[in-house]
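Peer 1: Sharing a structure, written as structure tokens. Questions coming.
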Amino acid sequence: MNDSTQVKTVRFRVTDALLLALTLLPVVFMITLNVLFTPESNGIEIEGALIYFTIPMPLQDLIISESQIHSWCVMVSLLFFSLYLTHGIAEKPCTRRQYLAEWMVEQTDKLVKGNMGPFFKGFSPFVGAILGLSAFSSLLALFGLYAPTSDINIVGGWALLVFILITYYKFKCGPVHYIAGFFDPPLLAPLNVISEFATPVSMAFRHYGNVLSGSVISVLLAVALQGLSDILLGWLPGVLSGFPLFRIGIPAVLSIYFDVFSGCLQAFIFAMLTMLYVSGGFSYDEYMRRKAKRAAKKREKTA
Amino acid sequence: MELAIGLILMGCAIGAGLALIAGIGPGIGEGNAVSKACEAIGRQPECKGEVTSTMLMGCAIAETTGLYGLVVGILLIFYAPNAFVNILLNAIH
């Protein structure tokens, strides 16, 4: 008895260590790729995502860029982190990580239920995934890596997914109801169609613009501080003349706002808007009415 | 030729600067939103959390127009000069 529990704990610990290692491995992998492939510069240039290689495709070449690799690495890392949190889960919580996991699930459930209503309670894993992916993608900038959220392609993909979801839930009440929704004030139909397509565009631009503008401002500040320290220390001989005195510490203060606060806030807003748009496009009363009608028809047929 | 390219670069830079005038509107709008939120919190301190999250939400939406300007500015600086110069070269040859 004692022996078997001993074996179990050893196995448990090994799995734990493996899961934690797999959580950290993508980060190490990204940093290695960054060190190996990023061309040398003095760190104060505004550049887009690095393109690793392109795959020839019939219509257009498929570009595998830094942002894609980074976002997949974040996904893998988050997957193993959630496996780590739920490893050895018990009915009665006894570990710290289970408390953390339960707290996260409860908060997401509460958020989804409060904003979307009980009909959409199955949405909380999706919303949680969006929150985690977006927040940790933006937080990659803390490691000095390229944040995938400052690439319009990545965020545009998410926004497209949300657009498909919105349209799917609007179509749940039938195509007639969907098209009639555009003619709500009949004269404004063209504007309604435009605003329908403006939703994903504005969602993508909002997220990408916020993160990108933060990194652009950080680079501008770095250039300005470098110039300031050049003026002050330029008369010194040798290496000392290029010493970036003011670039020590000062950009970190801005980084707290632009990388940490803004990244997390944009993740929250993206998830919030997803919830609001999806539940706003779906009319629950109409859906229940149609459902009841269909059930009545079916009953008539069988009777 | 150099003159034409220089004109293109100048136009792009001026256009980017003009596009960022769009930042004025969201600035005023967000200031209004935050001031009203402060008033609301002052009147009813117990619903501070709800007011704050609603305010952040509204600020994010008010920001959209400014971000459109930002995106246009970024495109004008990083993308447009190359594209316009290519158009010019294609037109000459």
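The values are calculated or read from the model by the stated rules, or taken from the named source; none is laboratory data. Note that this is a predicted model, so its numbers are computed, not measured. Ideal geometry is used to build each Cβ from the backbone, glycine not excepted, and the neighbour counts take in all protein chains shown. Note: accessible area is taken over every heavy atom of the protein model, side chains too, but ligands, DNA and RNA are not part of it. Shrake-Rupley method; radii C 1.70, N 1.55, O 1.52, S 1.80 Å.
Peer 1: Can you pull out every residue in segment A:198-224 that is without any contact (Cβ under 8 Å) to a residue 40 or more places away in the chain and away from every other protein chain (no Cβ under 14 Å)?
Peer 2: If the condition is that a residue be without any contact (Cβ under 8 Å) to a residue 40 or more places away in the chain and away from every other protein chain (no Cβ under 14 Å), then A:Leu221, A:Ala224 are the ones that fit.
Peer 1: Same structure again: Of the residues A:Phe258, A:Phe183, A:Phe197, A:Phe246, which single one is exposed (fewer than 15 other Cβ atoms within 10 Å of the Cβ) and touching a helix residue (DSSP H, G or I) at 6+ places or on another chain (Cβ under 6 Å)? Explain how you work it out, then say what you get.
Peer 2: Numbers: A:Phe258 fails: exposed (fewer than 15 other Cβ atoms within 10 Å of the Cβ); A:Phe197 fails: touching a helix residue (DSSP H, G or I) at 6+ places or on another chain (Cβ under 6 Å); A:Phe246 fails: exposed (fewer than 15 other Cβ atoms within 10 Å of the Cβ).
Only one candidate passes the filter, namely A:Phe183.
Peer 1: So B:Ala19 clears everything in (1) within 14 Å of chain A (Cβ to nearest Cβ); (2) closer than 23 Å to A:Leu265 by Cβ; (3) of a type in the set (A, V, I, L, M) except one condition, right? Which one?
Peer 2: If we test B:Ala19 against (1) within 14 Å of chain A (Cβ to nearest Cβ); (2) closer than 23 Å to A:Leu265 by Cβ; (3) of a type in the set (A, V, I, L, M), just (2) comes out false.
Here's the yes/no breakdown for (1) in contact with a Leu (Cβ under 7 Å, 6 or more places away or on another chain); (2) farther than 13 Å from B:Cys12 by Cβ:
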| site | (1), (2) |
| --- | --- |
| B:Glu50 | no, yes |
| B:Thr54 | no, yes |
| B:Met57 | no, yes |
| B:Ala60 | no, yes |
| B:Thr65 | no, yes |
| B:Leu76 | no, no |
| B:Pro81 | yes, no |
| B:Ile87 | no, no |
| B:Asn90 | no, yes |
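Peer 1: Please go through segment B:67-80 and give me each residue that is within 14 Å of chain A (Cβ to nearest Cβ) and either open to solvent by 60 Å² or more (accessible area, probe 1.4 Å) or in contact (Cβ under 8 Å) with a residue 60 or more places away in the chain (or both), ordered by number. If you could, list the steps in order and put the result at the bottom.
Peer 2: The first filter runs over segment B:67-80 and keeps only residues within 14 Å of chain A (Cβ to nearest Cβ), leaving B:67-79.
B:Tyr68, B:Val72, B:Leu75, B:Leu76, B:Ile77, B:Phe78, B:Tyr79 - these are the residues of segment B:67-80 that are within 14 Å of chain A (Cβ to nearest Cβ) and either open to solvent by 60 Å² or more (accessible area, probe 1.4 Å) or in contact (Cβ under 8 Å) with a residue 60 or more places away in the chain (or both).
Peer 1: Counting residues that are hydroxyl-bearing (Ser, Thr, Tyr) and open to solvent by 50 Å² or more (accessible area, probe 1.4 Å), which helices (runs of 4 or more DSSP H) fully inside segment A:60-172 reach at least 1?
Peer 2: Where helices (runs of 4 or more DSSP H) fall fully within segment A:60-172 and carry at least 1 residues being hydroxyl-bearing (Ser, Thr, Tyr) and open to solvent by 50 Å² or more (accessible area, probe 1.4 Å), they are A:66-86, A:96-116, A:152-171.
Peer 1: Would segment B:37-44 turn up any residue that is open to solvent by 80 Å² or more (accessible area, probe 1.4 Å), touching a helix residue (DSSP H, G or I) at 6+ places or on another chain (Cβ under 7 Å) and closer than 19 Å to A:Ile269 by Cα?
Peer 2: No, segment B:37-44 contains no residue that is open to solvent by 80 Å² or more (accessible area, probe 1.4 Å), touching a helix residue (DSSP H, G or I) at 6+ places or on another chain (Cβ under 7 Å) and closer than 19 Å to A:Ile269 by Cα.
Peer 1: Still on this model: Name the single residue, out of those in segment A:185-197 being assigned to a helix (DSSP H, G or I) and of a type outside the set (A, V, I, L, M), that is nearest to the other protein chains (Cβ to nearest Cβ). It would help to see each step written out before you state the result.
Peer 2: If we filter segment A:185-197 for residues that are assigned to a helix (DSSP H, G or I), which is where we start, we get A:186-197.
Still in the list and also of a type outside the set (A, V, I, L, M): A:186, A:190, A:192, A:195-197.
Numbers: A:Pro186: 27, A:Pro190: 20, A:Asn192: 18, A:Ser195: 12, A:Glu196: 16, A:Phe197: 14 Å.
Applying the filter and picking the extreme gives A:Ser195.
Peer 1: Restricting segment A:162-184 to residues that are touching a residue at least 12 places away in the same chain (Cβ under 8 Å) and charged (D, E, K, R), which is farthest from the other protein chains (Cβ to nearest Cβ)?
Peer 2: That would be A:Lys172.
Peer 1: Take the residues of segment B:34-66 that are of a type in the set (Gly, Ala, Ser) and within 14 Å of another protein chain (Cβ to nearest Cβ): which is farthest from A:Arg206 (Cα to Cα)? Working first, answer last.
Peer 2: Taking segment B:34-66 as the starting set, the residues that turn out to be of a type in the set (Gly, Ala, Ser) are B:35, B:37, B:40, B:42, B:49, B:53, B:58, B:60, B:62, B:66.
From what's left, within 14 Å of another protein chain (Cβ to nearest Cβ): B:49, B:53, B:58, B:60, B:62, B:66.
Numbers: B:Gly49: 23, B:Ser53: 17, B:Gly58: 13, B:Ala60: 8, B:Ala62: 10, B:Gly66: 9 Å.
Across segment B:34-66, the extreme among qualifying residues is B:Gly49.
Peer 1: Based on this model, can you work out whether B:Ile24 counts as surrounded by 15 or more Cβ atoms within 10 Å (Cβ to Cβ) and either in a helix (DSSP H, G or I) or out of contact with any helix residue (DSSP H, G or I) (no Cβ under 6 Å at 6 or more places or on another chain) (or both)? Break it down stepwise before answering.
Peer 2: Values: surrounded by 15 or more Cβ atoms within 10 Å (Cβ to Cβ): no; either in a helix (DSSP H, G or I) or out of contact with any helix residue (DSSP H, G or I) (no Cβ under 6 Å at 6 or more places or on another chain) (or both): yes.
No.
Peer 1: While we're here: Based on what the data block shows, is B:Val85 farther than 27 Å from A:Thr199 by Cβ, open to solvent by less than 40 Å² (accessible area, probe 1.4 Å) and away from every other protein chain (no Cβ under 11 Å)?
Peer 2: Values: farther than 27 Å from A:Thr199 by Cβ: yes; open to solvent by less than 40 Å² (accessible area, probe 1.4 Å): yes; away from every other protein chain (no Cβ under 11 Å): yes.
Yes; evaluated as a whole, the condition is true for this residue.
Peer 1: Of these, A:Val239, A:Val278, which one is open to solvent by less than 50 Å² (accessible area, probe 1.4 Å) and of a type in the set (Val, Ile, Thr)?
Peer 2: Details: A:Val239 fails: open to solvent by less than 50 Å² (accessible area, probe 1.4 Å).
It is A:Val278.
Peer 1: Of (1) over 27 Å from A:Tyr208 (Cβ atoms); (2) hydrophobic (A, V, I, L, M, F, W, C); (3) within 14 Å of chain B (Cβ to nearest Cβ), A:Leu22 satisfies all except one. Which?
Peer 2: (3)
Peer 1: Could you list, ordered by first residue, the pairs with Cβ atoms under 6 Å in which the first is in segment A:43-58 and more than 17 Å from A:Ala147 (Cβ to Cβ) and at pLDDT below 85 and the second is open to solvent by 70 Å² or more (accessible area, probe 1.4 Å) and among the small types (Gly, Ala, Ser), at least 6 apart or interchain?
Peer 2: Close Cβ pairs satisfying both conditions: none exist.
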